[in-house]
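The next block holds one structure in the form of structure tokens; read it before the comments.
The values are calculated or read from the model by the stated rules, or taken from the named source; none is laboratory data. What you are looking at is a predicted structure, and each value in this text was computed from that prediction instead of being measured. A quick note on method: Cβ atoms are made from the backbone with ideal geometry, for glycine too, and the neighbour counts reach across all protein chains shown. Please note that ligands, DNA and RNA were not included when accessible areas were found on the heavy atoms of the full protein model with its side chains. Shrake-Rupley method; radii C 1.70, N 1.55, O 1.52, S 1.80 Å.
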Amino acid sequence: MSRRAVAVRVEGIVQGVGFRPFVYGLATRLGLAGLVGNDERGVFIEVEGGSALVEEFLAALTGDPPPLAVIERISTGPAPVTGRRTFEIAPSVAGGDRHALVPPDVATCDACLRDLTDPADRRWGYAFTNCTGCGPRFTIVRDVPYDRANTTMAAFPMCADCAREYHDPADRRFHAQPVCCPACGPRLRLAGSAGSEGAGDPLERAVQALREGGVLAVKGLGGYHLAALAADEPAVAALRSRKHREDKPFAVMAGDPAAARRLCVVDPAEERLLTGPARPVVLLRRLPDAPVAPSVAPGNRWLGVLLPYTPLHHLLLRALGEPIVLTSGNVSDEPIAYRDDEALERLGGIADAFLAHDRPIHIRTDDSVVRIFRGRDLPIRRSRGYVPHPLPLARAAPRPVLACGAELKHTFCLVEEDRAFVSHHIGDLENYETLRSFTEGVEHFRRLFDITPEVVAHDLHPEYLSTKWALDMPDREDVDLIGVQHHHAHIASCLADNGAAGPVAGVAFDGLGYGSDGTLWGGEFLIADLAGFERAGHLTPVPMPGGATAIRQPWRMAAAYLDLAYDGDVPEDLDVVRRNAGQWAAVVALARRGGNAPLTSSMGRLFDAVAAVAGVRDAITYEGQAAVEFEQLADPAVDGAYPCGVLPAGTRFAVPGVELVRAVADDLRAGVPCDVVAARFHNAVARVVADGCALIREARGLSTVALSGGVFQNLLLLGRAVTLLEERGFTVLTHHRVPPNDGGVSLGQAAVAAALDRGDP
Ligand SMILES: [Zn+2]
Ligand SMILES: [Zn+2]
């Protein structure tokens with residue numbers, strides 16, 4: 001039999017996922033000699049033996065890789081035949097390129113769960129059990145290559161038993177960087193709110209604290225959470241008031257899928273997402289009799305549910321036997337706490353006890369939030385479990401790009417060639433703390449992926465901290481800056497998400513974004529491709545009385561809209577007028593006068609206005625609250641819609657939102673129930689989407705539509721709009737990998753910058 005040697009290089013997510021043991025096992029099974037190792041670009045292999053066996057090896061390499069591996073590229077070339085007889089694992093090679101990819105954190109696998117619950121196993125009940133198939137990754141990596149010495153596990157020398165597993169190519173823990181056991185690994189501790197540790201088993205005492213109605217801080221993978229028994233109303237209410245979180249729903253962790261089904265309807269796609277390795281919070285339809293306290297998610301038909309993703313969660317949920325609220329460890333809108341001393345200081349006034357441990361978290365990473373739309377993922381927040389897995393771009397960027405993102409739900413994005421690394425969720429970029437998370441995050445990503453941006457993309461809004469940072473960045477003179485209009489970035493994000501390039505009819509509906517003309521946009525119909533856009537139509541601008549105050553007080557938008565809708569003669573029997581009678585006249589005067597009442601074409605503000613008119617709420621405590629609650633109110637069985645003409649306005653068309661507000665107010669005055677009114681409004685906006693796209697198709701022949709912007713997190717609107725568009729023969733692109741909200745804007749900015757840098761026409 002002829003002997004042959006081949007050199008193989010494998011790129012992608014191939015480190016920290018059990019790839020070398022897989023290669024070792026495969027080669028030794030086939031009786032092949034050679035070696036396998038990690039370097040900064042991925043995995044390198046030399047394999048030598050009979051020709052047919054080498055062929056078999058190469059086929060199996062791509063045919064049946066380890067479950068968490070993502071092979072992006074394999075290249076093979078001839079190697080000298082040396083006559084060696086053994087197959088070895090080569091030591092990691094440092095230096096050079098750093099293209100090897102750091103994997104996302106992975107939920108505890110079934111095999112580790114068995115170890116955890118087997119009294120005969122040496123990891124029985126051990127809260128840090130992991131293997132090559134699961135465990136912490138991105139959150140503990142300090143540097144590349146991905147080796148234990150470059151993680152926060154460096155401080156825990158392996159015991160002899162763990163070292164044997166680590167070095168045994170046949171073992172499930174072979175080269176699992178965070179491998180550890182009770183003898184050598186991190187330890188749990190339970191501290192009081194003052195930081196003092198008491199006696200007794202930390203887990204038992206944590207369970208006790210929860211059972212007694214306490215609030216428990218729990219150190220997770222990417223930060224601290226705050227927990228309380230989900231069915232315990234006084235405990236959940238205490239958590240809410242101490243955290244200064246008035247209405248925004250809390251997520252609930254259920255012990256297993258069966259426990260999740262006792263809370264919510266779970267369809268097969270939702271179950272796949274719930275139990276998958278990323279373990280996001282999944283928004284599910286809540287059962288009417290779900291055993292959760294009223295304060296968990298007040299007035300919400302949906303409930304965010306997640307399953308345990310660390311051994312500690314499994315142990316805690318098993319010991320409790322009932323679901324817990326599990327929410328970010330922070331006060332109000334601050335970033336989630338992740339360092340131990342900082343957590344004690346910031347959460348000391350909220351938590352009665354701290355269930356913590358001594359494995360540091362290197363990078364703050366929030367839970368991801370995803371919902372299912374028509375059987376596919378619709379991300380609301382893409383963070384833990386997904387980041388830093390790169391998103392592929394259909395066409396490569398000629399030079400490396402950094403996209404600085406927007407402001408709310410901030411992310412940034414680094415691109416090299418055809419890979420886009422969208423960052424973890426940074427938070428609302430409105431203060432020093434989040435700005436620092438952003439700048440440190442950029443440094444960390446640059447180092448991990450060895451990308452030095454030469455092109456920097458930013459929003460046009462001069463007041464966004466991300467824009468200011470870009471315009472004044474440290475190596476400003478070494479980069480080319482590209483300003484990208486906010487809604488163009490939304491549509492480009494949707495295109496990149498779908499591997500498309502356009503041109504499309506892009507519908508970007510959101511709260512606010514800075515327009516190319518310096519006014520505030522947000523209800524936009526764009527003819528767009530990656531390189532550019534034209535504003536084809538928009539909502540008719542209305543004043544926002546008091547500027548940002550009108551965002552926090554939707555009734556102000558109602559006042560502005562109603563004043564226009566009734567031509568200055570608003571019926572005084574409308575509840576919204578009565579409720580706000582004290583300030584009504586002054587706010588209307590402000591809207592008419594201008595000054596501190598900037599004009600906006602925002603769809604988010606139209607939803608606010610209508611929600612206030614319908615009595616949903618006059619003031620909000622979190623972004624988008626009025627619209628979220630208005631969606632909940634709508635009766636999905638109602639088909640009717642308010643008429644709303646799409647009018648030519650010069651070279652563009654305009655959508656007169658005032659007609660919708662007038663129709664809503666007239667219906668309410670006639671005694672039509674709110675749930676019917678809410679449904680008719682949603683159906684009307686869906687028709688506006690379809691009518692606007694039809695005008696664009698007539699004018700330009702474009703029959704593909706991209707829907708983006710935070711307003712399309714509204715599933716009722718999204719569902720109705722997609723149905724109408726498809727009935728009219730459109731192909732519709734929606735988001736599946738990055739959120740439609742501003743969390744996806746950085747990917748869009750990067751895609752635009754790359755297209756412009758390529759010189760796309
Ligand atoms: Zn495992
Ligand atoms: Zn050990």
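What the table below lists for this structure:
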{"quantity": "DSSP beta bridges in the chain [antiparallel fraction, %, rounded to 5]", "calculated": "75 percent"}
{"quantity": "Check: the chain dipole with +1 on Lys, Arg Cβ and -1 on Asp, Glu Cβ, in debye", "calculated": "1020 debye"}
{"quantity": "Protein-only accessible surface order, largest first, of V179, V81 at 1.4 Å", "calculated": "V81, V179"}
{"quantity": "Accessible surface, 1.4 Å probe, highest first, among residues T519, T327", "calculated": "T519, T327"}
{"quantity": "Pairwise centroid distance, computed over Cα atoms, of the range 662-685 with the range 109-178, Å", "calculated": "58 Å"}
{"quantity": "Most positive-pole-ward Cα, L32, V17, P104, against dipole of the range 1-160 from beta carbon charges", "calculated": "L32"}
{"quantity": "For the chain, cysteines whose Cβ has no other cysteine Cβ within reach (under 4.7 Å)", "calculated": "C112, C131, C162, C180, C181, C264, C404, C413, C494, C644, C674, C693"}
{"quantity": "Those lysines that a straight Cα-Cα span of less than 25 Å connects to K468, excepting residues fewer than 8 apart in one chain", "calculated": "K409"}
{"quantity": "For peptides 28-36, 133-141, sequence by mean Cβ density within 10 Å, most packed first", "calculated": "133-141, 28-36"}
{"quantity": "Per residue accessible area in Å² of the chain, where ligands, DNA and RNA are left out and the probe is 1.4 Å", "calculated": "36 Å²"}
{"quantity": "With Cα atoms, 0 to 90° folded angle of helix 233-243 axis to the chain main axis", "calculated": "90 degrees"}
{"quantity": "Accessible carbon and sulfur surface of the chain relative to its total accessible area, %, 1.4 Å", "calculated": "51 percent"}
{"quantity": "Protein-only accessible surface order, largest first, of E629, E443 at 1.4 Å", "calculated": "E443, E629"}
{"quantity": "Computed [θ] at 222 nm, helices only, for the chain once each DSSP H run of length n ≥ 4 contributes -39500 (n - 2.57)", "calculated": "-10000 deg cm²/dmol"}
{"quantity": "Lysines with Cα under 21 Å of K219, excluding same-chain neighbours fewer than 8 positions away", "calculated": "K243"}
{"quantity": "The range 72-86-the range 438-499 distance, computed between alpha-carbon centres (Å)", "calculated": "41 Å"}
{"quantity": "Listed residue (W521, Q208, A258) projecting farthest to the positive dipole end of the chain, Cβ model", "calculated": "A258"}
